[in-house]
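Note sheet for the following structure.
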Amino acid sequence: MSLFKARDWWSTILGEKEEFDQGCLCVADVDNSGSGQDKVIVGSYKGYLRIFNPHPVKPGDEVQPEDLLLEVQLREPILQVEVGKFVSGTEVLHLAVLHCRKLCVYAVSGTQGNVEHGNQYQIKLMYEHNLQRTACNMTYGPFGGVKGRDLICIQSMDGMLMLFEQESYAFGRFLPGFLLPGPLAYSSRTDSFITVSSCQQVESYKYQVLAFATDADERQDTEQRKLSSGKRLVVDWVLNIGEQALDICVVSFNQGVSSVFVLGERNFFCLKDNGQIRFMKKLDYSPSCFIPYCSVQEGTINTLIANHSKMLNVYQDVTLKWATQLPCIPVSVKVANFQDLKGVIVTLSDDGHLQCSYLGTDPSLFQAPKVDSREINYEEMNAEMKELQKIIREATKTQDILPESEKQRDVTVTAEVSPDLDEESQAIDSEVKAGAVPSITVKITIQSRVAAQKPSLAVCVQAPLAVTCDQFVFDDLEPDSSETVVLSVFLKENCSPPELEGTCIVSYNIPTGIPRVSQCNFSLPLKLVCFPAQPSKAANHKLTIDTNKPPISFVTIFP
C-alpha cells in the first residue's frame, strides 16, 4: 500500500486543542527573501499566528525548533490569512490577518542571527481597520485594474461587501437577496467578485457595478428615498448549481484563459468567465477542500480534491489521475515550493495536523543477504556469549553512578495553593460589588540544581482573576538553592472566569548563555469566586425535575 499513501516530507502538530478552518492556511514568500522558497503561514481560532520554514534533513524527520520562524498570539480568533501587496508605496508582500471585527496588515521581516538560535523574525503592524460588522471571509486582487497593488474585499456575516483601498476604507455594498455568507473569490480577468448565495446559485458582480451602486450606509432608509439616489446592485451572471458550495477558486494558467472552479457538496464545477459550464464532475464522496494547481497539458487543468475519507484525489479536468491516502481529514490544501523541491502538498486538519507531503514511492534498497553455508562453531559462539554477558554485567554495575542531569530538570518550579481563604483579603482595586472580596494565598518555590542566571518568574491567571504581583526578578541562583515567593489571587472584575487554572513560568539562562524555561500549573478552589446562597422561594419561574432514583444533594457534590 506504500504506493498509494502520501509520503510524509515534514509534519507537526500545532498547539493544544486549537481549531482551524479553510482560511487558516496560506503559503507564500511572506518575508520577501527572494529565494522563491515559500513559507507556511497558519492562523488559529485561538489567535495564534505561526510561520514555518520546513527544511527536514531527510523526508519524515521530526520538526526542528528552527523550522518555526515566528509564533505570536494576537488575542483575537484568526479567520483568514492572505499574502499580497497590501501597503501603498511599495510592491513587497505583506501579511493580511482577518479577525472577527478587525483587519490587520503586517510586515514580516527577519534579522541575521549570530548565535546558535539562528535568525530572528518579527512582525510589524503596518495598519489596521476596525470593522463595524462581523467578518466571514475575504478576498484580494487588483480591483478596477490597478497596477502594482492589491485591494481587499471582506464579506460580513450579514451580506455586506466591504472594500478597502489599502490604508483607507473605500465603500460597502449589500448583496441582494442575502441570507447566509458563502465562499468569495475575485476574477482579475473580468474584474468581478464571484460567490455562491443561499439560493444555491453562483453569482458574479462587476467591481464597477459595486462601485456605482447605492451605498450600504444609505440602505437603511431606501424606502424613504427615491430610486434616483443610486444605482441598484445588479448581478452580472447567475448559474444555478443546486447545492451549497464549499469553496471557489479562480485560476488562469493558460494565457488569456481563466476558469472559475466551484467545489460543491457532491459535484465539482469548472465555469467559463461568463458563467457557462466548461465541465462538471459528480463526486462519489464528501469533499472537504480543493485547489486547482497547474496545467500539465494544453487545455487541461489539474486539481487536488480532499475528502472526508482521508483521501486526496488528483484530477486532470474530470479524469482521476491519482489517489493517495492522508493521515487526517484536511480542511485546507495548498501547493508550495521548498528547498528546490517544487509541488509539495501542504495540508491542514481542523485539529492542527500540518503536513507537507509528496506523491509516489520511496524505492526499496534492501537486498537479501547471501546464505552462509559454513558450519557453526559452537565453541566460538559460547566464548562470544560469555564475553557479551561480562560486558552487560559491567554496564549494569556502573549504571547507578552515571550523572542523571538529563533525567532531572535544571530548575523546577512548584506552586502550593492554601486550603483556606485569606483571613484578611488581599484584593486590590476589585470591581466586584461585594462587602469583602475573598483572596487565597499561593506559595511558589523555585529550586535550582545548577547555576541559573537572571531568573524571573511570571504568574498568569485567566481574567477576570488577578494576582497581587505577577512579575518577580531574582538574583542569580547558586546550585542546589531555592527561592520562595508568596502572592494572593482574587476576583478583580464582576464576572465569572472561564477556568480556575493558573500558570507559573520561570525563565533563566544556564552558564553557557542559552535561555531555558520551566513552568507548572496550579488549580484554584471554586470558593474563591462563588459562595453558597439560600434557594429563592419567591422565584418568577420554577423548574421541577422528577427522577426515578433518589438525587444526591448539592452539598455532597460541592462541599
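Contact annotation: residue pairs with Cβ atoms under 8 Å, 6 or more positions apart or on different chains, pairing a residue in region 402-426 that is under 30 Å from VAL529 (Cβ atoms) and open to solvent by 80 Å² or more (accessible area, probe 1.4 Å) with a partner that is at pLDDT 75 or above and among the small types (Gly, Ala, Ser), are GLN426/SER439; GLN426/SER488. Within region 69-91, residues that are farther than 19 Å from SER168 by Cα reach partners that are open to solvent by 20 Å² or more (accessible area, probe 1.4 Å) and among the polar types (S, T, N, Q) with beta carbons closer than 6 Å, at six or more positions or on different chains, in the pairs LEU69/ASN53; GLN80/ASN137.
Working only within region 220-252, note down all residues that are surrounded by 15 or more Cβ atoms within 10 Å (Cβ to Cβ) and at pLDDT below 75. Listed by number, the list holds a single entry, GLY230.
Looking only at residues of region 432-447 that are part of a strand (DSSP E or B) and either at pLDDT below 90 or open to solvent by 50 Å² or more (accessible area, probe 1.4 Å) (or both), we find that the one that is farthest from SER481 (Cα to Cα) is LYS443. Is it fair to say ASP429 is part of a loop (DSSP other than H, G, I, E, B) and surrounded by 12 or more Cβ atoms within 10 Å (Cβ to Cβ)? No, not satisfied. Of all residues in region 253-266, those that are among the polar types (S, T, N, Q) and either modelled with pLDDT of 95 or more or open to solvent by 20 Å² or more (accessible area, probe 1.4 Å) (or both) total 2.
Conditions (1) buried (at least 18 other Cβ atoms within 10 Å of the Cβ); (2) more than 25 Å from GLU167 (Cα to Cα), marked per residue:
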{"residue": "ALA28", "(1), (2)": "yes, no"}
{"residue": "VAL57", "(1), (2)": "no, yes"}
{"residue": "GLN73", "(1), (2)": "no, no"}
{"residue": "LEU79", "(1), (2)": "yes, no"}
{"residue": "HIS94", "(1), (2)": "yes, no"}
{"residue": "VAL105", "(1), (2)": "yes, no"}
{"residue": "SER109", "(1), (2)": "no, no"}
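Take the residues of region 153-185 that are surrounded by fewer than 22 Cβ atoms within 10 Å (Cβ to Cβ) and among the aromatic types (Phe, Trp, Tyr): which is nearest to the chain's Cα centre (by Cα)? Among them, the one singled out is TYR169. Across region 518-558, what is the total count of residues that are part of a loop (DSSP other than H, G, I, E, B) and open to solvent by 100 Å² or more (accessible area, probe 1.4 Å)? Looking only at that region, the number is 17.
Whether a residue is at pLDDT below 90, buried (at least 17 other Cβ atoms within 10 Å of the Cβ) and more than 19 Å from LEU359 (Cβ to Cβ) was assessed, and ASP273 passes this test. Yes or no: region 80-97 includes at least one residue that is touching a helix residue (DSSP H, G or I) at 6+ places or on another chain (Cβ under 6 Å) and not in a loop (DSSP other than H, G, I, E, B). Looking for residues that are touching a helix residue (DSSP H, G or I) at 6+ places or on another chain (Cβ under 6 Å) and not in a loop (DSSP other than H, G, I, E, B), one finds at least one in region 80-97, hence yes. Output yes when any residue across region 471-479 is assigned to a loop (DSSP other than H, G, I, E, B) and surrounded by 12 or more Cβ atoms within 10 Å (Cβ to Cβ), and no when none is. Yes, region 471-479 has at least one match. None of GLN155, GLN122 is in contact with a strand residue (DSSP E or B) (Cβ under 6 Å, 6 or more places away or on another chain) and closer than 30 Å to LYS39 by Cβ except GLN155. Checking the stated criteria, VAL506 turns out not to satisfy the condition of being open to solvent by less than 70 Å² (accessible area, probe 1.4 Å) and closer than 18 Å to ASP422 by Cβ. Only one of the numbered conditions (1) modelled with pLDDT under 90; (2) surrounded by fewer than 18 Cβ atoms within 10 Å (Cβ to Cβ); (3) among the hydroxyl-bearing types (Ser, Thr, Tyr) is violated by TYR293, and that is (2). With respect to the conditions (1) within 26 Å of PRO559 (Cα to Cα); (2) in a loop (DSSP other than H, G, I, E, B), VAL450 lacks only one, and its number is (1).
Answer yes or no as to whether GLY47 is modelled with pLDDT under 85, surrounded by 14 or more Cβ atoms within 10 Å (Cβ to Cβ), closer than 23 Å to GLN122 by Cα and within 9 Å of the chain's Cα centre (by Cα). Considered against the rule, which asks whether it is modelled with pLDDT under 85, surrounded by 14 or more Cβ atoms within 10 Å (Cβ to Cβ), closer than 23 Å to GLN122 by Cα and within 9 Å of the chain's Cα centre (by Cα), GLY47 comes out as no. Applying a threshold of 8 Å to beta carbon distances and a minimum spacing of six or more residues, or different chains, the list of pairs starting in region 455-483 at a residue that is on the phi > 0 side of the Ramachandran plot and ending at one that is surrounded by 14 or more Cβ atoms within 10 Å (Cβ to Cβ) and not in a strand (DSSP E or B) reads ASP480/ARG449.
Within region 139-181, the residues that satisfy the criterion of being touching a residue at least 60 places away in the same chain (Cβ under 8 Å), of a type outside the set (Phe, Trp, Tyr) and closer than 20 Å to GLN208 by Cα are GLY144, GLY148, ARG149, ASP150, ILE152, GLN166, ARG173.
Please list, ordered by residue number, the strands (runs of 3 or more DSSP E) wholly in region 240-332 having 3 or more residues that are of a type in the set (S, T, N, Q). Counting at least 3 such residues, we get 302-307, 319-325. All of (1) out of contact with any Asp or Glu (no Cβ under 9 Å at 6 or more places or on another chain); (2) open to solvent by less than 10 Å² (accessible area, probe 1.4 Å); (3) touching a residue at least 60 places away in the same chain (Cβ under 8 Å) hold for ILE123 with one exception: (2).
The values are calculated or read from the model by the stated rules, or taken from the named source; none is laboratory data. Just so you know, these numbers come straight off a predicted model, no measurement behind them. Because the Cβ atoms are built from the backbone with ideal geometry, glycine has one as well, and the counts that use them run over all protein chains shown. What goes into the accessible areas is simple: the full protein's heavy atoms, side chains included, and nothing from ligands, DNA or RNA. Shrake-Rupley method; radii C 1.70, N 1.55, O 1.52, S 1.80 Å.
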